[in-house]
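Notes follow the structure.
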């Protein structure tokens, strides 16, 4: 399949660990593993999507003193009007994961509770950054699907600039190209190169189903109440529907 968006249904049920095992199985050892510090902001988050990349760098000029409360409230607008801004307006498709490489910038909350919702409103299914997120209480309350390296407090002006989108980036120690498959859950973030995304999905599904069957047997031996993580029949039925 030339368009990795077509593959997303095949990733719906698999876990990050299933895909990591699949990548190992085809010789892609440690490829696509983001640093463990880049992880979901809140427990229970899971998403699979197609990479939309943003390359950012630390700012090479400071923000200037603002004279009025109105300008302070509109600090981002003031900054962008002066130095310019590379945005994503109209480019994010349903199913995209916005991957933001920060170029080693210091503490700056590039993604917060408002602009992250803009990604979702455009159809994005997640955000991954090797930098900081801010407004993290609201991001958690909103259940906004975002993975970051750390929690931050400050805003963009004078700290970071977006210089390019839809280009190859290094994020959290992994190479990410536009069109790669990005997955996240409680275990962390993995990047599946587009060239092997279909093959990886096939193997990951088999790995997941084998694990579900083994765990269901153990549930029965331990007299544990079955849950959705051992509902093999539902996952098999889902994948039959994709054929």
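The values are calculated or read from the model by the stated rules, or taken from the named source; none is laboratory data. Only a predicted model underlies this, so the values are computations on that prediction, with no experimental measurement involved. All Cβ positions, even for glycine, are placed from backbone atoms using ideal geometry, and neighbour counts span all protein chains on display.
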Yes or no: residue 43 in a helix (DSSP H, G or I), under 24 Å from the mean Cα position of the chain (by Cα) and modelled with pLDDT of 95 or more? no
Go through the residues of region 214-225 one by one and say whether even a single one is touching a helix residue (DSSP H, G or I) at 6+ places or on another chain (Cβ under 7 Å) and either touching a residue at least 12 places away in the same chain (Cβ under 8 Å) or under 15 Å from residue 147 (Cβ atoms) (or both). yes
Quickly run through region 25-60 and pick out the residues that are loosely packed, with under 14 Cβ neighbours inside 10 Å and closer than 18 Å to residue 194 by Cα. 26, 27, 29, 30
Out of 131, 112, 126, I need the residue that is closer than 12 Å to residue 96 by Cβ and buried (at least 20 other Cβ atoms within 10 Å of the Cβ). Which one? 126
Residue list for region 90-127, restricted to those being farther than 18 Å from residue 49 by Cβ and in contact with a helix residue (DSSP H, G or I) (Cβ under 9 Å, 6 or more places away or on another chain): 109, 112, 113, 114
Determine the pairs where a residue that is more than 23 Å from residue 9 (Cα to Cα), located within region 29-52, has a partner that is at pLDDT below 95 with Cβ atoms under 6 Å apart, the partner being 6 or more residues away or on another chain. none
The strands (runs of 3 or more DSSP E) lying entirely within region 136-243 that contain at least 2 residues which are surrounded by fewer than 21 Cβ atoms within 10 Å (Cβ to Cβ) are 160-165
Residue list for region 58-93, filter: touching a strand residue (DSSP E or B) at 6+ places or on another chain (Cβ under 9 Å) and within 30 Å of residue 3 (Cβ to Cβ): 85, 86, 87, 88, 91, 92, 93
Listed residues 82, 67; which is at negative phi, assigned to a helix (DSSP H, G or I) and free of Cβ contacts under 8 Å to residues at least 60 places away in the same chain? 82
